[in-house]
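Since the structure comes first, as structure tokens, the remarks are kept for the end.
The values are calculated or read from the model by the stated rules, or taken from the named source; none is laboratory data. Since the model is a prediction, treat every value here as computed from it, not as a measurement. Reconstructed Cβ throughout: ideal geometry from the backbone, glycine too, with neighbour counts over all protein chains shown.
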Amino acid sequence: MASTDASRLDEAYDEDLLVPGHCACGALSFIIDLNVGRPSTSAYCHCTRCQRFNGAPFVHTLHLPFAAVSWMPEACEDVGAPHLDSNTLQEAQMDRENRGFPKARGGSWSELLETYEAQAGRKWKLRCKVCSSPMGSWSVVRNGWSIWPPTIQRAPSTAEEASNHNNTNNTPTSHFTGKQLASQKAWRLMRPDHHQFYGPWRSFDVQDDGRDKFIGYKGKSERVA
Ligand SMILES: [Zn+2]
Ligand SMILES: [Zn+2]
């Protein structure tokens, strides 16, 4: 793909590394660009915070650098990351566009994004205001996103198809790229390789899945299985 700034391109831009995702109703969408940055963590998290925010025994969480996830620009200001001012955001977006990245969809992000400051000045949880789907979080400390991969675009299950009568925005195509599904190549880069916060508070015992289990974060806590 043509670029106006070849110095930023280390290697060919790979469309297979664009990963579209959205909430249950489709009002909120994002795209992960694994050309820009790879996950620093991909794990199943058993912490009580993830359990409660998601209503799930554990969640798959994917840590990504700021520039690798494209929402509407106002998102960062909404989640209380004022150091990411609109110039910084615009520069990052222009940089991606120069490298062949699709332009952001128009509209007002702040009307759709619900945020909750889960750790004061450190972490904001993100949710769709329309359908309440949990989307992930913004971390000031990591200067990056957590994305919960259940939001990644896949073929709808029969249950999801059955509930779509209510949905005015149920096209199975990314708003950003026209892409329908994340590629197998992208999934290989996002596959969870361990369990974190696997302690007595867990509500699900994982047997023989071949992944290491840690009482807290990998590399910063004891391995328990
Ligand atoms: Zn929604
Ligand atoms: Zn967690």
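Taking the numbered list (1) surrounded by fewer than 23 Cβ atoms within 10 Å (Cβ to Cβ); (2) within 13 Å of I152 (Cβ to Cβ); (3) modelled with pLDDT of 95 or more in turn, P39 passes all entries but (1). Within the range 113-161, the residues that satisfy the criterion of being more than 16 Å from ligand 1 (Cβ to nearest atom) and in a strand (DSSP E or B) are E117, A118, Q119, K123, W124, S137, W138, S139, G144, W145, S146.
Restricted to the range 188-225, and to residues that are assigned to a strand (DSSP E or B) and without any contact (Cβ under 8 Å) to a residue 60 or more places away in the chain, which residue is surrounded by the fewest Cβ atoms within 10 Å (Cβ to Cβ)? Steps first, answer last, please.
Of all residues in the range 188-225, those assigned to a strand (DSSP E or B) come to 194-196, 212-214, 223.
Cutting the leftovers down to without any contact (Cβ under 8 Å) to a residue 60 or more places away in the chain gives us 212-214, 223.
On the way: D212: 14, K213: 21, F214: 22, R223: 12.
Only one residue tops the list, namely R223.
Look at the range 118-142: where a residue is more than 14 Å from F66 (Cβ to Cβ) and a partner is away from ligand 1 (no atom under 16 Å from the Cβ) and assigned to a loop (DSSP other than H, G, I, E, B), sitting 6+ places away or on another chain with Cβ atoms under 6 Å, you get R122/V140; R122/V141.
To keep it simple, each residue is scored yes or no on (1) among the aromatic types (F, W, Y); (2) more than 12 Å from the chain's Cα centre (by Cα).
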{"residue": "A12", "(1), (2)": "no, yes"}
{"residue": "D16", "(1), (2)": "no, yes"}
{"residue": "V19", "(1), (2)": "no, no"}
{"residue": "C23", "(1), (2)": "no, no"}
{"residue": "A27", "(1), (2)": "no, yes"}
{"residue": "F30", "(1), (2)": "yes, no"}
{"residue": "P39", "(1), (2)": "no, no"}
{"residue": "R49", "(1), (2)": "no, yes"}
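A quick yes/no check of all residues on (1) away from ligand 2 (no atom under 16 Å from the Cβ); (2) at pLDDT 95 or above; (3) under 25 Å from E161 (Cβ atoms):
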site: A43; (1), (2), (3): no, yes, no
site: C50; (1), (2), (3): no, no, no
site: H63; (1), (2), (3): no, yes, no
site: F66; (1), (2), (3): yes, no, no
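Filtering the range 7-58 to residues that are more than 16 Å from ligand 1 (Cβ to nearest atom) and part of a helix (DSSP H, G or I) leaves S7, R8, E15, D16, L17, T48, R49, C50, Q51, R52.
Of all residue pairs spaced 6 or more apart or on separate chains, those with beta-carbon atoms under 8 Å, a first member in the range 52-64 that is farther than 13 Å from G144 by Cα and touching a residue at least 60 places away in the same chain (Cβ under 8 Å) and a second member that is polar (S, T, N, Q) and surrounded by fewer than 18 Cβ atoms within 10 Å (Cβ to Cβ) are P57/S203; F58/S203.
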